Amino acid sequence: MTQNQIHDSSSNISQDCDLIIVGGGIVGTTLAAALKDSGLQVIIIEAQTLEQAAARQRAYNLSLLSGRIFEGIGVWEEILPKIAPYRNIRLSDGKSPGIVEFIPEDLGTEFLGYVAGHGVMLRALQQFLKTCDGIQWLCSAEVTDMGWEETGVTVAVRVEGEVRQLRSRLIVGADGARSRVRERSLISTRGWKYWQSCLTFEIQHQHPCNDTAFERFWHTGPMGVLPLPENRCQIVLTAPHATAKALKELDEASFLQELETRLGGVLGKVEVISDRLVFPVQLMQCDRYARSRLALVGDAAHCCHPVGGQGLNLGLRDAAALAQVLREAHQREEDIGSLTALQRYEQWRKGENLAILGFTDFLDRAFSNQWLPFIFLRRLGLWMLRYLQPVKVFALALMTGLKGRAPELAQY
Ligand SMILES: Cc1cc2nc3c(=O)[nH]c(=O)nc-3n(C[C@H](O)[C@H](O)[C@H](O)COP(=O)(O)OP(=O)(O)OC[C@H]3O[C@@H](n4cnc5c(N)ncnc54)[C@H](O)[C@@H]3O)c2cc1C
(Lines give C-alpha, C1' and ligand atoms only; values in the text may rest on other atoms or scores of the structure.)
Protein backbone atom coordinates (compact mmCIF):
# COMPACT_ATOMS: atom_id res chain seq x y z
CA MET A 1 0.00 0.00 0.00
CA THR A 2 1.29 3.47 -0.83
CA GLN A 3 0.39 6.50 1.17
CA ASN A 4 -0.33 8.51 -1.98
CA GLN A 5 -2.80 7.67 -4.73
CA ILE A 6 -3.14 8.71 -8.36
CA HIS A 7 -6.54 10.19 -9.26
CA ASP A 8 -6.49 9.74 -13.02
CA SER A 9 -8.86 12.21 -14.54
CA SER A 10 -8.04 14.91 -17.05
CA SER A 11 -10.25 17.37 -15.15
CA ASN A 12 -8.16 16.92 -11.98
CA ILE A 13 -5.55 19.56 -11.49
CA SER A 14 -4.13 18.07 -8.32
CA GLN A 15 -2.50 14.67 -8.23
CA ASP A 16 -0.41 12.74 -5.70
CA CYS A 17 2.05 9.93 -6.36
CA ASP A 18 5.16 8.34 -4.87
CA LEU A 19 7.64 9.17 -7.59
CA ILE A 20 7.84 11.60 -10.50
CA ILE A 21 10.34 10.84 -13.26
CA VAL A 22 11.11 13.85 -15.47
CA GLY A 23 12.33 12.54 -18.86
CA GLY A 24 10.89 9.55 -20.70
CA GLY A 25 14.08 8.66 -22.61
CA ILE A 26 15.64 5.20 -22.37
CA VAL A 27 17.03 5.81 -18.86
CA GLY A 28 13.81 7.29 -17.39
CA THR A 29 11.60 4.54 -18.86
CA THR A 30 14.04 1.83 -17.70
CA LEU A 31 13.75 3.17 -14.16
CA ALA A 32 9.94 3.11 -14.37
CA ALA A 33 9.95 -0.40 -15.88
CA ALA A 34 12.36 -1.68 -13.20
CA LEU A 35 9.82 -0.50 -10.58
CA LYS A 36 7.09 -2.73 -12.01
CA ASP A 37 5.10 -4.43 -9.23
CA SER A 38 6.95 -2.44 -6.55
CA GLY A 39 3.65 -0.97 -5.32
CA LEU A 40 4.95 2.54 -6.01
CA GLN A 41 2.78 4.96 -7.99
CA VAL A 42 4.90 6.60 -10.71
CA ILE A 43 4.28 9.53 -13.08
CA ILE A 44 6.62 10.03 -16.07
CA ILE A 45 6.77 13.56 -17.48
CA GLU A 46 8.12 13.71 -21.04
CA ALA A 47 8.58 16.90 -23.08
CA GLN A 48 7.90 15.21 -26.45
CA THR A 49 5.21 12.82 -27.67
CA LEU A 50 6.07 9.12 -27.24
CA GLU A 51 6.70 8.78 -30.98
CA GLN A 52 8.93 11.87 -31.15
CA ALA A 53 10.97 10.64 -28.17
CA ALA A 54 11.55 7.30 -29.93
CA ALA A 55 12.38 8.82 -33.33
CA ARG A 56 16.03 9.75 -32.56
CA GLN A 57 18.36 8.50 -35.31
CA ARG A 58 21.09 6.82 -33.29
CA ALA A 59 22.38 3.32 -32.60
CA TYR A 60 24.29 2.63 -29.39
CA ASN A 61 26.87 0.18 -28.24
CA LEU A 62 24.91 -1.77 -25.61
CA SER A 63 26.95 -3.59 -22.98
CA LEU A 64 26.42 -7.17 -21.80
CA LEU A 65 25.24 -5.83 -18.44
CA SER A 66 22.69 -3.55 -20.11
CA GLY A 67 21.33 -6.60 -21.96
CA ARG A 68 20.99 -8.40 -18.62
CA ILE A 69 19.17 -5.41 -17.10
CA PHE A 70 16.67 -5.48 -19.98
CA GLU A 71 16.34 -9.24 -19.56
CA GLY A 72 15.66 -8.84 -15.82
CA ILE A 73 12.97 -6.25 -16.56
CA GLY A 74 11.33 -8.48 -19.19
CA VAL A 75 11.85 -6.42 -22.39
CA TRP A 76 14.84 -8.30 -23.82
CA GLU A 77 12.77 -10.78 -25.87
CA GLU A 78 11.22 -7.82 -27.69
CA ILE A 79 14.58 -6.04 -28.22
CA LEU A 80 17.05 -8.86 -29.01
CA PRO A 81 15.62 -9.98 -32.39
CA LYS A 82 15.85 -6.39 -33.68
CA ILE A 83 19.47 -5.62 -32.70
CA ALA A 84 22.92 -6.88 -33.65
CA PRO A 85 25.03 -8.87 -31.19
CA TYR A 86 28.75 -8.76 -31.93
CA ARG A 87 31.37 -11.35 -31.00
CA ASN A 88 34.67 -9.56 -31.51
CA ILE A 89 36.19 -6.14 -30.84
CA ARG A 90 39.28 -4.88 -32.69
CA LEU A 91 41.30 -1.95 -31.36
CA SER A 92 44.00 -0.28 -33.43
CA ASP A 93 46.25 2.77 -33.21
CA GLY A 94 46.00 4.65 -36.50
CA LYS A 95 47.82 2.72 -39.21
CA SER A 96 49.99 0.77 -36.75
CA PRO A 97 49.76 -2.98 -37.54
CA GLY A 98 49.51 -4.06 -33.85
CA ILE A 99 45.80 -4.80 -33.60
CA VAL A 100 44.24 -5.93 -30.31
CA GLU A 101 41.45 -8.43 -30.78
CA PHE A 102 38.98 -9.32 -28.04
CA ILE A 103 36.97 -12.53 -28.44
CA PRO A 104 34.08 -14.01 -26.39
CA GLU A 105 36.38 -16.72 -24.97
CA ASP A 106 38.26 -13.94 -23.11
CA LEU A 107 35.19 -13.49 -20.92
CA GLY A 108 33.52 -16.89 -21.30
CA THR A 109 30.42 -15.26 -22.81
CA GLU A 110 28.60 -15.85 -26.09
CA PHE A 111 28.93 -12.23 -27.28
CA LEU A 112 30.92 -9.16 -26.27
CA GLY A 113 28.08 -6.66 -26.75
CA TYR A 114 25.25 -5.47 -28.98
CA VAL A 115 24.43 -2.54 -31.24
CA ALA A 116 20.88 -1.32 -30.70
CA GLY A 117 18.77 1.43 -32.25
CA HIS A 118 17.34 4.12 -29.96
CA GLY A 119 13.80 3.55 -31.28
CA VAL A 120 13.97 -0.24 -30.87
CA MET A 121 14.77 0.06 -27.16
CA LEU A 122 12.51 2.98 -26.33
CA ARG A 123 9.46 1.57 -28.13
CA ALA A 124 9.90 -1.78 -26.35
CA LEU A 125 10.05 0.02 -22.98
CA GLN A 126 7.05 2.22 -23.83
CA GLN A 127 5.01 -0.89 -24.79
CA PHE A 128 6.10 -2.68 -21.61
CA LEU A 129 5.03 0.27 -19.43
CA LYS A 130 1.53 0.06 -20.91
CA THR A 131 1.19 -3.33 -19.20
CA CYS A 132 2.32 -2.04 -15.78
CA ASP A 133 -0.09 -0.89 -13.07
CA GLY A 134 0.62 2.36 -11.24
CA ILE A 135 2.58 4.03 -14.05
CA GLN A 136 1.19 7.08 -15.79
CA TRP A 137 2.57 9.26 -18.62
CA LEU A 138 2.20 13.01 -18.98
CA CYS A 139 3.41 14.08 -22.44
CA SER A 140 4.03 16.38 -24.24
CA ALA A 141 4.43 18.09 -20.88
CA GLU A 142 6.57 20.84 -19.42
CA VAL A 143 7.57 21.31 -15.78
CA THR A 144 6.89 24.97 -14.99
CA ASP A 145 7.67 25.02 -11.28
CA MET A 146 9.11 22.85 -8.51
CA GLY A 147 8.88 23.36 -4.75
CA TRP A 148 10.55 21.49 -1.90
CA GLU A 149 8.80 20.57 1.34
CA GLU A 150 9.96 18.45 4.22
CA THR A 151 7.74 15.50 3.32
CA GLY A 152 7.53 15.88 -0.44
CA VAL A 153 8.06 17.83 -3.61
CA THR A 154 5.43 19.81 -5.53
CA VAL A 155 5.65 20.06 -9.30
CA ALA A 156 3.59 22.24 -11.64
CA VAL A 157 3.26 20.71 -15.11
CA ARG A 158 1.73 22.22 -18.22
CA VAL A 159 0.09 19.53 -20.31
CA GLU A 160 -2.45 20.03 -23.08
CA GLY A 161 -2.78 23.71 -22.21
CA GLU A 162 -3.67 23.03 -18.56
CA VAL A 163 -1.40 23.34 -15.53
CA ARG A 164 -1.52 20.38 -13.13
CA GLN A 165 -0.15 20.42 -9.62
CA LEU A 166 1.57 17.17 -8.69
CA ARG A 167 2.82 16.16 -5.28
CA SER A 168 5.24 13.36 -4.74
CA ARG A 169 7.66 11.92 -2.20
CA LEU A 170 10.52 11.96 -4.71
CA ILE A 171 11.42 13.54 -8.06
CA VAL A 172 13.99 11.92 -10.39
CA GLY A 173 15.76 13.94 -13.08
CA ALA A 174 16.19 11.70 -16.14
CA ASP A 175 15.97 14.66 -18.50
CA GLY A 176 19.34 14.41 -20.20
CA ALA A 177 22.54 16.45 -20.27
CA ARG A 178 20.80 19.83 -20.09
CA SER A 179 18.64 18.72 -17.15
CA ARG A 180 16.22 21.41 -15.95
CA VAL A 181 15.61 19.37 -12.80
CA ARG A 182 19.32 19.49 -11.95
CA GLU A 183 19.40 23.21 -12.71
CA ARG A 184 16.38 23.96 -10.53
CA SER A 185 17.73 21.95 -7.63
CA LEU A 186 20.99 23.95 -7.75
CA ILE A 187 23.23 20.89 -7.93
CA SER A 188 26.56 21.94 -9.36
CA THR A 189 28.57 20.04 -11.95
CA ARG A 190 32.24 19.61 -12.79
CA GLY A 191 33.84 18.80 -16.11
CA TRP A 192 34.86 20.25 -19.43
CA LYS A 193 33.94 20.45 -23.06
CA TYR A 194 36.30 18.50 -25.34
CA TRP A 195 38.18 20.04 -28.24
CA GLN A 196 36.34 17.53 -30.41
CA SER A 197 32.84 17.02 -31.80
CA CYS A 198 31.29 13.73 -32.72
CA LEU A 199 30.05 12.99 -36.24
CA THR A 200 27.62 10.05 -36.53
CA PHE A 201 26.04 8.40 -39.54
CA GLU A 202 25.08 4.99 -40.89
CA ILE A 203 26.72 3.18 -43.81
CA GLN A 204 25.92 0.23 -46.04
CA HIS A 205 29.02 -1.77 -46.92
CA GLN A 206 30.08 -4.47 -49.36
CA HIS A 207 32.06 -6.88 -47.16
CA PRO A 208 30.52 -8.37 -43.99
CA CYS A 209 31.69 -7.09 -40.61
CA ASN A 210 31.95 -10.66 -39.31
CA ASP A 211 30.24 -9.73 -36.03
CA THR A 212 33.11 -7.37 -35.24
CA ALA A 213 33.04 -3.88 -33.68
CA PHE A 214 36.06 -1.69 -34.43
CA GLU A 215 37.58 1.19 -32.50
CA ARG A 216 40.37 2.88 -34.39
CA PHE A 217 42.32 5.66 -32.67
CA TRP A 218 43.57 8.56 -34.79
CA HIS A 219 45.47 11.47 -33.30
CA THR A 220 42.45 13.65 -34.16
CA GLY A 221 40.12 11.35 -32.17
CA PRO A 222 38.76 7.81 -32.14
CA MET A 223 36.44 6.28 -34.72
CA GLY A 224 33.99 3.56 -33.65
CA VAL A 225 32.43 1.21 -36.22
CA LEU A 226 29.39 -0.52 -34.73
CA PRO A 227 27.94 -3.42 -36.76
CA LEU A 228 24.20 -3.43 -37.53
CA PRO A 229 22.23 -6.18 -39.32
CA GLU A 230 22.36 -6.57 -43.15
CA ASN A 231 25.85 -5.18 -43.84
CA ARG A 232 25.17 -1.84 -42.19
CA CYS A 233 27.26 -0.03 -39.56
CA GLN A 234 26.85 2.99 -37.32
CA ILE A 235 29.97 5.16 -37.44
CA VAL A 236 30.87 7.38 -34.48
CA LEU A 237 33.78 9.58 -35.56
CA THR A 238 35.33 12.07 -33.15
CA ALA A 239 37.42 14.91 -34.58
CA PRO A 240 38.36 18.53 -33.73
CA HIS A 241 35.29 20.79 -34.04
CA ALA A 242 36.34 22.39 -37.34
CA THR A 243 37.21 19.01 -38.93
CA ALA A 244 33.91 17.44 -37.82
CA LYS A 245 31.99 20.42 -39.20
CA ALA A 246 33.95 20.32 -42.48
CA LEU A 247 33.36 16.55 -42.83
CA LYS A 248 29.63 17.04 -42.29
CA GLU A 249 29.52 19.64 -45.03
CA LEU A 250 31.71 17.81 -47.59
CA ASP A 251 30.04 16.73 -50.82
CA GLU A 252 29.24 13.02 -50.95
CA ALA A 253 32.12 11.88 -53.19
CA SER A 254 34.80 13.69 -51.17
CA PHE A 255 33.26 12.48 -47.91
CA LEU A 256 33.34 8.85 -49.11
CA GLN A 257 36.99 9.25 -50.05
CA GLU A 258 37.82 10.57 -46.54
CA LEU A 259 35.84 7.76 -44.99
CA GLU A 260 37.48 5.02 -47.03
CA THR A 261 40.93 6.32 -45.99
CA ARG A 262 39.88 6.03 -42.36
CA LEU A 263 38.29 2.58 -42.81
CA GLY A 264 41.36 1.25 -44.64
CA GLY A 265 39.24 -0.64 -47.17
CA VAL A 266 38.19 -3.40 -44.72
CA LEU A 267 34.48 -3.02 -45.49
CA GLY A 268 34.87 -2.79 -49.29
CA LYS A 269 32.65 -0.36 -51.17
CA VAL A 270 30.75 1.92 -48.81
CA GLU A 271 27.59 4.04 -49.12
CA VAL A 272 26.34 6.57 -46.54
CA ILE A 273 22.63 5.87 -45.89
CA SER A 274 21.68 8.40 -43.20
CA ASP A 275 22.12 12.07 -42.37
CA ARG A 276 25.50 13.08 -40.97
CA LEU A 277 24.86 14.47 -37.48
CA VAL A 278 27.32 16.44 -35.34
CA PHE A 279 27.22 16.49 -31.51
CA PRO A 280 29.40 18.38 -29.04
CA VAL A 281 31.34 16.16 -26.63
CA GLN A 282 31.74 16.85 -22.92
CA LEU A 283 32.78 15.24 -19.68
CA MET A 284 30.48 16.13 -16.79
CA GLN A 285 29.83 14.75 -13.34
CA CYS A 286 27.39 16.21 -10.78
CA ASP A 287 28.72 17.00 -7.33
CA ARG A 288 25.73 15.13 -5.93
CA TYR A 289 23.42 12.51 -7.45
CA ALA A 290 20.91 12.94 -4.63
CA ARG A 291 19.56 15.33 -2.08
CA SER A 292 16.45 15.09 0.07
CA ARG A 293 13.46 14.33 -2.30
CA LEU A 294 15.63 14.31 -5.45
CA ALA A 295 17.79 11.91 -7.45
CA LEU A 296 19.53 12.29 -10.83
CA VAL A 297 20.13 9.46 -13.32
CA GLY A 298 21.73 9.07 -16.76
CA ASP A 299 23.01 12.09 -18.66
CA ALA A 300 21.35 14.38 -16.11
CA ALA A 301 23.99 13.14 -13.62
CA HIS A 302 27.03 12.55 -15.88
CA CYS A 303 28.24 12.67 -19.50
CA CYS A 304 31.34 11.08 -20.99
CA HIS A 305 33.37 11.00 -24.20
CA PRO A 306 31.71 8.63 -26.73
CA VAL A 307 34.85 6.46 -27.08
CA GLY A 308 33.87 2.92 -26.11
CA GLY A 309 30.13 3.76 -26.22
CA GLN A 310 29.54 3.93 -22.46
CA GLY A 311 27.12 6.85 -21.78
CA LEU A 312 23.77 5.11 -22.09
CA ASN A 313 25.13 1.98 -20.43
CA LEU A 314 26.05 3.98 -17.32
CA GLY A 315 22.56 5.50 -17.29
CA LEU A 316 20.92 2.07 -17.46
CA ARG A 317 23.00 0.95 -14.47
CA ASP A 318 21.92 4.08 -12.57
CA ALA A 319 18.27 3.29 -13.34
CA ALA A 320 18.54 -0.34 -12.21
CA ALA A 321 20.48 0.63 -9.05
CA LEU A 322 18.04 3.40 -8.08
CA ALA A 323 15.07 1.06 -8.66
CA GLN A 324 16.67 -1.51 -6.34
CA VAL A 325 17.37 1.08 -3.62
CA LEU A 326 13.78 2.41 -3.83
CA ARG A 327 12.20 -1.05 -3.76
CA GLU A 328 14.23 -2.05 -0.71
CA ALA A 329 13.42 1.22 1.09
CA HIS A 330 9.71 0.81 0.30
CA GLN A 331 9.70 -2.80 1.53
CA ARG A 332 11.26 -1.65 4.80
CA GLU A 333 8.58 1.08 5.02
CA GLU A 334 11.29 3.75 4.84
CA ASP A 335 10.58 7.12 3.21
CA ILE A 336 11.80 6.65 -0.40
CA GLY A 337 12.55 10.38 -0.71
CA SER A 338 14.69 10.61 2.41
CA LEU A 339 18.32 11.57 2.02
CA THR A 340 19.35 8.42 3.94
CA ALA A 341 17.70 6.17 1.34
CA LEU A 342 18.92 8.17 -1.67
CA GLN A 343 22.51 8.36 -0.47
CA ARG A 344 22.70 4.57 -0.87
CA TYR A 345 22.09 5.11 -4.59
CA GLU A 346 24.69 7.89 -4.79
CA GLN A 347 27.32 5.85 -2.94
CA TRP A 348 26.70 2.90 -5.26
CA ARG A 349 26.87 4.72 -8.58
CA LYS A 350 28.97 7.89 -8.32
CA GLY A 351 32.36 6.22 -7.89
CA GLU A 352 31.69 3.56 -10.56
CA ASN A 353 30.64 6.23 -13.07
CA LEU A 354 33.70 8.33 -12.26
CA ALA A 355 35.97 5.36 -13.05
CA ILE A 356 34.45 5.04 -16.54
CA LEU A 357 34.49 8.81 -17.11
CA GLY A 358 38.19 8.79 -16.20
CA PHE A 359 38.94 5.75 -18.36
CA THR A 360 37.27 7.19 -21.48
CA ASP A 361 39.03 10.53 -20.92
CA PHE A 362 42.37 8.76 -20.54
CA LEU A 363 41.80 6.79 -23.79
CA ASP A 364 40.97 9.93 -25.75
CA ARG A 365 43.96 11.87 -24.40
CA ALA A 366 46.47 9.02 -24.66
CA PHE A 367 45.67 8.33 -28.30
CA SER A 368 45.46 12.00 -29.34
CA ASN A 369 48.98 12.68 -28.09
CA GLN A 370 51.75 12.74 -30.71
CA TRP A 371 54.68 13.16 -28.30
CA LEU A 372 57.10 10.26 -28.98
CA PRO A 373 57.39 8.93 -25.39
CA PHE A 374 53.58 8.92 -25.22
CA ILE A 375 53.31 7.01 -28.50
CA PHE A 376 55.76 4.48 -27.07
CA LEU A 377 53.73 4.18 -23.85
CA ARG A 378 50.42 3.61 -25.59
CA ARG A 379 51.94 1.05 -27.95
CA LEU A 380 53.22 -0.67 -24.79
CA GLY A 381 49.66 -0.51 -23.40
CA LEU A 382 48.30 -2.10 -26.58
CA TRP A 383 51.01 -4.77 -26.40
CA MET A 384 49.94 -5.55 -22.81
CA LEU A 385 46.32 -5.79 -23.93
CA ARG A 386 47.36 -8.23 -26.65
CA TYR A 387 49.63 -10.50 -24.68
CA LEU A 388 48.79 -10.19 -20.96
CA GLN A 389 45.51 -12.02 -20.50
CA PRO A 390 44.62 -10.58 -17.03
CA VAL A 391 45.03 -7.01 -18.37
CA LYS A 392 42.89 -7.88 -21.37
CA VAL A 393 40.15 -9.47 -19.24
CA PHE A 394 40.14 -6.53 -16.81
CA ALA A 395 39.71 -3.95 -19.61
CA LEU A 396 37.03 -6.03 -21.29
CA ALA A 397 35.09 -6.63 -18.06
CA LEU A 398 35.19 -2.87 -17.35
CA MET A 399 33.82 -1.91 -20.77
CA THR A 400 31.14 -4.65 -20.88
CA GLY A 401 29.82 -3.62 -17.46
CA LEU A 402 30.83 -6.87 -15.78
CA LYS A 403 33.12 -5.10 -13.29
CA GLY A 404 31.57 -3.36 -10.32
CA ARG A 405 28.41 -4.04 -8.36
CA ALA A 406 25.68 -5.48 -10.57
CA PRO A 407 22.06 -4.69 -9.72
CA GLU A 408 20.02 -7.70 -8.53
CA LEU A 409 17.84 -7.36 -11.61
CA ALA A 410 20.84 -8.33 -13.77
CA GLN A 411 21.86 -11.33 -11.67
CA TYR A 412 20.20 -14.54 -12.84
C1 LIG B 1 27.27 10.88 -30.84
C2 LIG B 1 26.97 10.09 -29.61
C3 LIG B 1 27.12 8.71 -29.64
C4 LIG B 1 26.83 7.97 -28.50
N5 LIG B 1 26.99 6.63 -28.54
C6 LIG B 1 26.73 5.90 -27.44
C7 LIG B 1 26.89 4.49 -27.44
O8 LIG B 1 27.30 3.87 -28.43
N9 LIG B 1 26.61 3.80 -26.31
C10 LIG B 1 26.20 4.44 -25.17
O11 LIG B 1 25.98 3.77 -24.13
N12 LIG B 1 26.00 5.79 -25.15
C13 LIG B 1 26.26 6.53 -26.24
N14 LIG B 1 26.08 7.87 -26.22
C15 LIG B 1 25.54 8.52 -25.00
C16 LIG B 1 24.02 8.39 -24.97
O17 LIG B 1 23.44 8.97 -26.10
C18 LIG B 1 23.45 9.07 -23.71
O19 LIG B 1 24.22 8.73 -22.59
C20 LIG B 1 22.01 8.61 -23.48
O21 LIG B 1 21.19 8.92 -24.59
C22 LIG B 1 21.43 9.31 -22.23
O23 LIG B 1 20.12 8.87 -22.02
P24 LIG B 1 19.15 9.68 -21.04
O25 LIG B 1 17.84 8.94 -21.07
O26 LIG B 1 19.83 9.93 -19.74
O27 LIG B 1 19.00 11.12 -21.71
P28 LIG B 1 18.30 11.50 -23.13
O29 LIG B 1 18.49 10.41 -24.13
O30 LIG B 1 18.81 12.85 -23.45
O31 LIG B 1 16.76 11.55 -22.75
C32 LIG B 1 16.21 12.60 -22.00
C33 LIG B 1 14.69 12.59 -22.21
O34 LIG B 1 14.15 13.62 -21.38
C35 LIG B 1 13.29 14.44 -22.15
N36 LIG B 1 13.38 15.79 -21.56
C37 LIG B 1 14.40 16.67 -21.64
N38 LIG B 1 14.10 17.78 -20.94
C39 LIG B 1 12.88 17.59 -20.40
C40 LIG B 1 12.03 18.38 -19.58
N41 LIG B 1 12.40 19.60 -19.14
N42 LIG B 1 10.83 17.88 -19.21
C43 LIG B 1 10.44 16.65 -19.63
N44 LIG B 1 11.21 15.85 -20.42
C45 LIG B 1 12.40 16.32 -20.79
C46 LIG B 1 13.81 14.38 -23.57
O47 LIG B 1 12.80 14.68 -24.50
C48 LIG B 1 14.28 12.91 -23.65
O49 LIG B 1 13.23 12.06 -24.04
C50 LIG B 1 26.38 8.64 -27.33
C51 LIG B 1 26.22 10.02 -27.32
C52 LIG B 1 26.53 10.74 -28.44
C53 LIG B 1 26.36 12.25 -28.42
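Below are the figures for this structure:
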| quantity | calculated |
| --- | --- |
| Area of E105 that stays accessible when all protein chains are in place (1.4 Å probe, Å², to 10) | 140 Å² |
| Solvent accessible area, Å² - S197, 1.4 Å probe, full protein context | 10 Å² |
| Surface share of carbon and sulfur [accessible, 1.4 angstrom probe, percent] for segment 175-230 | 51 percent |
| Computed [θ] at 222 nm, deg cm²/dmol, the chain (DSSP H ≥ 4; -39,500 (n - 2.57); rounded to nearest 500) | -11000 deg cm²/dmol |
| Flagged links, alpha-carbon separation over 31 Å, of K82/K193; K82/K269; K95/K350 | K82/K193; K95/K350 |
| By accessible area with a 1.4 Å probe, ligands and nucleic acids excluded, highest first: order of E183, E101 | E183, E101 |
| Where Rh is the Kirkwood radius over Cα pairs, Rg/Rh for segment 262-329 | 1.18 |
| Nearest-ten-degree value, helix 252-263 long axis tilted from longest Cα axis of the chain | 80 degrees |
| Angle between the chain longest axis and helix 64-73 axis [Cα atoms, degrees, rounded to 10] | 30 degrees |
| Accessible area per residue in Å² at 1.4 Å probe, computed on segment 108-265 | 46 Å² |
| ³J(HN,Hα) computed for each position of segment 351-363 - Karplus, 6.51 cos²θ - 1.76 cosθ + 1.60, integer Hz, glycine/proline x | x, 4, 5, 4, 4, 6, 4, x, 5, 5, 5, 4, 4 |
| Principal semi-axes in Å for segment 145-231 [√(5λ), Cα gyration tensor, largest first] | 43, 19, 12 |
| Surrounding net charge for F128, when Lys and Arg each add one and Asp and Glu each subtract one, Cβ distance under 15 Å | -1 |
| Size of charge dipole - the chain - debye, nearest 20, with Cβ of Lys, Arg +1 and Asp, Glu -1, no other charges | 1160 debye |
| K245 accessible area, assembled protein chains, probe 1.4 Å, Å² | 120 Å² |
| Reciprocal of mean inverse Cα separation for segment 33-188 (Kirkwood radius, Å) | 18.6 Å |
| Positive-end extreme of charge dipole, the chain - chosen from I135, L312, A33 (charges on Cβ) | L312 |
| Cα extents of the chain along the three principal axes, largest first (Å) | 64, 45, 38 |
| Rounded percent of accessible protein surface that carbon and sulfur make up, segment 312-412, 1.4 Å probe | 63 percent |
| For segment 277-350 and segment 180-213, distance of Cα centres in Å | 18 Å |
| Antiparallel bridge percentage (DSSP; both residues within segment 72-220; nearest 5) | 75 percent |
| For segment 1-159, share of DSSP beta bridges that run antiparallel, in % to the nearest 5 | 65 percent |
| Cα convex hull of segment 217-335, projected area averaged across orientations, nm² | 10.4 nm² |
| Under 5 Å, built H, 5+ apart or other chain: amide partners of Q48 | A141 |
| Net length gained if the chain between T154 and L186 were fully extended (0.36 nm per residue, minus Cα distance) | 9.9 nm |
| Beta bridges per DSSP with both ends in the chain, % antiparallel, nearest 5 | 70 percent |
| Probe 1.4 Å, all protein chains present, accessible-area order of R276, R344, R332, largest first | R332, R344, R276 |
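The values are calculated or read from the model by the stated rules, or taken from the named source; none is laboratory data. Computed from a prediction, not measured in an experiment: that's the story for all the values here. All Cβ positions, glycine included, derive from the backbone under ideal geometry; neighbour counts span all protein chains shown. With ligands, DNA and RNA removed, areas are computed over all heavy atoms of the protein, side chains included. Shrake-Rupley method; radii C 1.70, N 1.55, O 1.52, S 1.80 Å.
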